[in-house]
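First comes the structure, then the notes that go with it.
The values are calculated or read from the model by the stated rules, or taken from the named source; none is laboratory data. Note that the coordinates shown come from a computational prediction; the quantities given were computed from them, not determined experimentally. FYI the Cβ positions are ideal-geometry reconstructions off the backbone, even for glycines, and counts take in every protein chain you see.
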Amino acid sequence: MQHKYYIELLQGMLGEKRLEHSLAVRDTAAGLAGLYGVDRRQAAVAGLLHDCARDLPGEEMLAIARENSLPFDDVEEINPVLLHAPVGALLARRQFGVQDQAVLRAIALHTLGDEKMTLLDKIVFVADKAAPGRNFPGVEELRQIARQNLERALLCCFDVAIILSVRRGELIHPKAVQARNGIIIFNHPGRNF
Ligand SMILES: [Fe+2]
């Protein structure tokens, strides 16, 4: 099974906790995909590989981004951990051999999101926050919402992340704000979500 090969590769790239998280996101994403009529296989692969670049040092992420002309801005330069999503998509293609653009896109967008997200993008984004092992105030509620209303769950993920960053005095990436606005605009008006 392909996942076995992916897991072996991941073992060389991620710490034990991160690998455990990746497996949990794989399973959560596959479950949500079943609920929302999305290809479970795509969701499982994107969930499993979403953090494949997460344990690289920041300098290396910046170097990979530069070498491969991945665009990044001041916020990402100060906070290179944000680059693990697009760099992860690159590694998923190069090192894991993933060619499915929808899967690569979901990996690339799993941290900052985008104004326009596909169902698969949304599922991987929400699964990352709602997976077993995540522990923050409101996570149980998020898990419940995720099974009932994906849009609302996605909004909840952005709210939690943005509020936490503000409390910590961290930078907020404009893409995250645009993505959050995108959800509200997409669901407005007259659509109860
Ligand atoms: Fe991540």
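State whether one or more residues within region 122-132 are among the charged types (D, E, K, R) and surrounded by fewer than 20 Cβ atoms within 10 Å (Cβ to Cβ).
no
Need the failing condition index for Val25 against (1) surrounded by fewer than 18 Cβ atoms within 10 Å (Cβ to Cβ); (2) within 16 Å of the ligand (Cβ to nearest atom); (3) among the β-branched types (Val, Ile, Thr), just the number.
(1)
With respect to Met13, determine if the residue is within 15 Å of the ligand (Cβ to nearest atom), modelled with pLDDT of 95 or more, farther than 19 Å from Pro132 by Cβ and not in a helix (DSSP H, G or I).
When the stated conditions are applied, Met13 passes them.
Mind checking which residues of region 137-147 are surrounded by fewer than 17 Cβ atoms within 10 Å (Cβ to Cβ) and in contact (Cβ under 8 Å) with a residue 24 or more places away in the chain?
Matches in region 137-147: Arg147 only.
Restricting attention to region 143-179, report how many residues are under 19 Å from Ala43 (Cα atoms) and within 16 Å of the ligand (Cβ to nearest atom).
2
Would you tally the residues in region 112-136 being free of Cβ contacts under 8 Å to residues at least 60 places away in the same chain and not charged (D, E, K, R)?
Total meeting the criteria: 4.
Could you please give the count of residues in region 15-63 that are among the aliphatic types (A, V, I, L, M) and more than 15 Å from the chain's Cα centre (by Cα)?
6
Being within 18 Å of Leu48 (Cα to Cα) and either outside any helix (DSSP H, G or I) or among the basic types (Lys, Arg) (or both) narrows it down to one of Pro137, Pro132, so name that one.
Every option except Pro132 fails the conditions.
Given region 41-111, what helices (runs of 4 or more DSSP H) lie entirely inside it while holding 3 or more residues that are within 16 Å of the ligand (Cβ to nearest atom) and without any contact (Cβ under 8 Å) to a residue 60 or more places away in the chain?
The helices (runs of 4 or more DSSP H) meeting that bar are 58-67, 84-94, 101-108.
How many residues are assigned to a helix (DSSP H, G or I) and farther than 13 Å from Thr28 by Cβ if we restrict to region 145-180?
24
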